[in-house]
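Trainee: Provided herewith is a single structure, encoded as structure tokens, for subsequent inquiry.
Just so you know, all these numbers are worked out from the coordinates, no wet-lab data involved. Note that the structure is a prediction, hence the values are computed from the model and not measured. All Cβ positions, glycine included, derive from the backbone under ideal geometry; neighbour counts span all protein chains shown.
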Amino acid sequence: MQGSAIIERAAAMSDGRLRLPTGALYTALDRLIADGFVRRACEETSGGRIRRSYALTPSGIGALRGDTPRMTSSAGRASRVVSIGGRVRLGGHGGMGGPE
């Protein structure tokens with residue numbers, strides 16, 4: 001995908017809650033390339049602008065698959081956060097480590 005498509009996809013997948021700033025995206029992509037998780041799939045010039053497409057490497061696919069259970073668990077815990085009387089409670093316990 002091209003960077004603009006990644007930004008649009010992230011927004012669509014999050015129902016508009018995630019808005020990736022362009023600079024943050026390209027900083028992250030550069031880091032993921034350096035770590036071997038993403039590669040530049042192709043580069044073309046259109047209207048005088050260079051457009052790059054990116055793809056996951058086999059290492060990136062493996063890392064994503066390996067991290068999915070942790071992300072799913074974190075999302076489940078986050079969805080159980082309930083605000084009660086101005087206090088935040090996690091999973092029915094006394095909040096962020098403090099008293100109820």
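Trainee: Could you pull out every residue, at least 5 positions away or on a different chain, whose amide H is within less than 5 Å of the one on Gln2? Hs are placed 1.01 Å off N in the peptide plane, and Pro or chain starts have none.
Mentor: Under 5 Å from the amide H of Gln2 lie the amide H atoms of Tyr54, each far enough along the sequence or on another chain.
Trainee: Hey, fewest Cβ within 10 Å first, where do Met1, Met71 land in order?
Mentor: The order, fewest Cβ neighbours first, is Met71, Met1.
Trainee: Each label point is 7 Å from the Cα along the Cα-to-Cβ direction; what then is the distance between the points at Ser79 and Ala34, in nm?
Mentor: Inter-label distance under the simple model: 3.5 nm.
Trainee: At 25 °C and 0.890 mPa s, grab the translational diffusion coefficient of region 3-82 from Stokes-Einstein with a Kirkwood Rh over Cα pairs, rounded to a whole number in µm² per second.
Mentor: This corresponds to a translational diffusion coefficient of 169 µm²/s.
Trainee: Still on this structure, please answer the following. How much FRET efficiency would the formula 1/(1 + (r/R0)^6) give for Leu56 and Ala10, where r is the Cβ-Cβ distance and R0 is 22 Å, rounded to 0.05?
Mentor: The computed FRET efficiency comes out at 0.90.
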